1. What pairs can you find where one residue is in the range 235-246 and among the aromatic types (F, W, Y), the other is in a strand (DSSP E or B) and open to solvent by 10 Å² or more (accessible area, probe 1.4 Å), and their Cβ atoms are less than 6 Å apart, with a gap of 6+ or different chains?
2. Taking the options S210, S254, S218, S271, name whichever one is of a type outside the set (A, V, I, L, M) and without any contact (Cβ under 8 Å) to a residue 12 or more places away in the chain.
3. Which members of the range 268-288 meet the condition of being charged (D, E, K, R) and in a loop (DSSP other than H, G, I, E, B)?
4. Give the residue that is surrounded by the fewest Cβ atoms within 10 Å (Cβ to Cβ), with candidates limited to residues of the range 97-126 that are among the charged types (D, E, K, R) and touching a Gly at 6+ places or on another chain (Cβ under 8 Å).
5. Cβ-Cβ under 6 Å, sequence separation 6+ or interchain: first residue in the range 156-168 and free of Cβ contacts under 8 Å to residues at least 24 places away in the same chain, partner in a helix (DSSP H, G or I) and open to solvent by 10 Å² or more (accessible area, probe 1.4 Å). Which pairs?
6. In the range 1-10, which residues are in contact with a strand residue (DSSP E or B) (Cβ under 7 Å, 6 or more places away or on another chain) and either at pLDDT 95 or above or open to solvent by 80 Å² or more (accessible area, probe 1.4 Å) (or both)?
7. Taking the range 127-137 as the region of interest, how many residues are open to solvent by less than 50 Å² (accessible area, probe 1.4 Å) and polar (S, T, N, Q)?
8. Which one is surrounded by the most Cβ atoms within 10 Å (Cβ to Cβ), of the residues in the range 35-66 that are under 20 Å from R104 (Cβ atoms) and in contact with a Lys or Arg (Cβ under 9 Å, 6 or more places away or on another chain)?
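The values are calculated or read from the model by the stated rules, or taken from the named source; none is laboratory data. None of these values were measured; they are calculated from a predicted model. Because the Cβ atoms are built from the backbone with ideal geometry, glycine has one as well, and the counts that use them run over all protein chains shown. In case anyone asks, the SASA skips ligands and DNA or RNA and just uses the protein heavy atoms, side chains included. Shrake-Rupley method; radii C 1.70, N 1.55, O 1.52, S 1.80 Å.
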Amino acid sequence: MTTQPMNITLSNQPADARWGEKAILTSNDSGMTLHLTSDDTLMTIQRAARKIDGQGVRHVALVGEGWHLEQCWAFWQGYRGPKGKRQVDWPTLGEHEQAEFSRRLRIIDWVRDIINLPAEELGPEVLAHNAVDLINEVGGDAVSYRITKGEDLREQGYSGLHAVGRGSNRPPAFLALDFNPTGDENAPVYACLVGKGITFDTGGYSMKQSSFMDSMKSDMGGAATVTGALAMAISRGLNKRVKLYLCCADNMVSSNAFKLGDIIHYRNGKSVEVMNTDAEGRLVLADGLIDASEQKPTLLIDAATLTGAAKTALGNDYHALFTFDDVMAQSLMGSAVSENEPFWRLPLAEFHRNHLPSNFADLNNIASPAHSAGASSAAAFLSHFVTHYQQGWLHIDCSATYRKSAVEQWSAGATGLGVRTLANLLLK
């Protein structure tokens, strides 16, 4: 059974006084009107779309003037939700705008959907294969990959990923994917992307409380974000070689799980004492960063839902950026502005690298009690696994990836933020 759509129009005029001084949404016999009287018109559209969805309207038509690419996208960002079906009759866009809109719908919705999946449906190996499927869809014959899992990880020296994932009956998996449009197997690697793919995080023996664990199906948000970014860049015309590394595991409690006091020996010669099993993301990323560094890329980006400290600083509203490279930081921030996505740079300095002392290993996986800069020390930990960490390396602590509950502009669940910014950066 088809339904008649609710017509949605845009207006630069304020709402009639009877609707309230700051009303952004009014209705009449013809449908609903969005009143764009604030400076941030895209945010107003997104908030209004969330209100429309909250009223149970599931079929709309965007009509009248003013509906261009970014206005349509802002509407969809707010209107879309994690359950139920929604139908939008979109306005006619120009050829280039339509192509960009279609790729956003395909790729960013994939990112949001996969982050929202229950952990029961998305284990480490499934995440790796789903990422391959998406990149293959846009990259075709230019894509090759390997997935290493379980005991093969231990035998090949992926000691951090194996240690974290061995406590689960779903074995950890490492995806190494090569997008090489040149066709030359000796072509230099322009960029490497490394993503944290913890498909569920109990905290291990440093177990989380239920109120912190209930959203941990989203702890693979970094892996989803960099996968979506590569897919988006390819669909926009990326012609440089890029490698993608996803470090996928469950962090569970069992008789075989890693424990506090364990020491992990990495292939780059570093040893790490585990003093908190809930600081596992950095342990799996270390393996991916070692592989990425060996490629000697111009640009190395890792993305992870890594710390509560970054979320305390920035809420769910901004992704946190850490880097020693001021030029690259400016480039990423410029990409974020171009794509209308929220990033904020937080401090990372040489002295943070000394905040991880261990009595028994080269590093501790958490900062000493004397140092409270949790997000910065986590970034500093990662720097020990990046060969040339002072230049070309960007660490994204994905604070804006997922929301436990709905707000004015977002439904509960994944946001897809960051995909476009990283894709933009890859194309510079």
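1. Y245/A176
2. S210
3. Those that are charged (D, E, K, R) and in a loop (DSSP other than H, G, I, E, B): K270, D278, E280.
4. This residue is D109.
5. What qualifies is H162/R154.
6. Hits for the range 1-10 are P5, M6, N7, I8, T9, L10.
7. 1
8. Filtering first and then ranking leaves A49.
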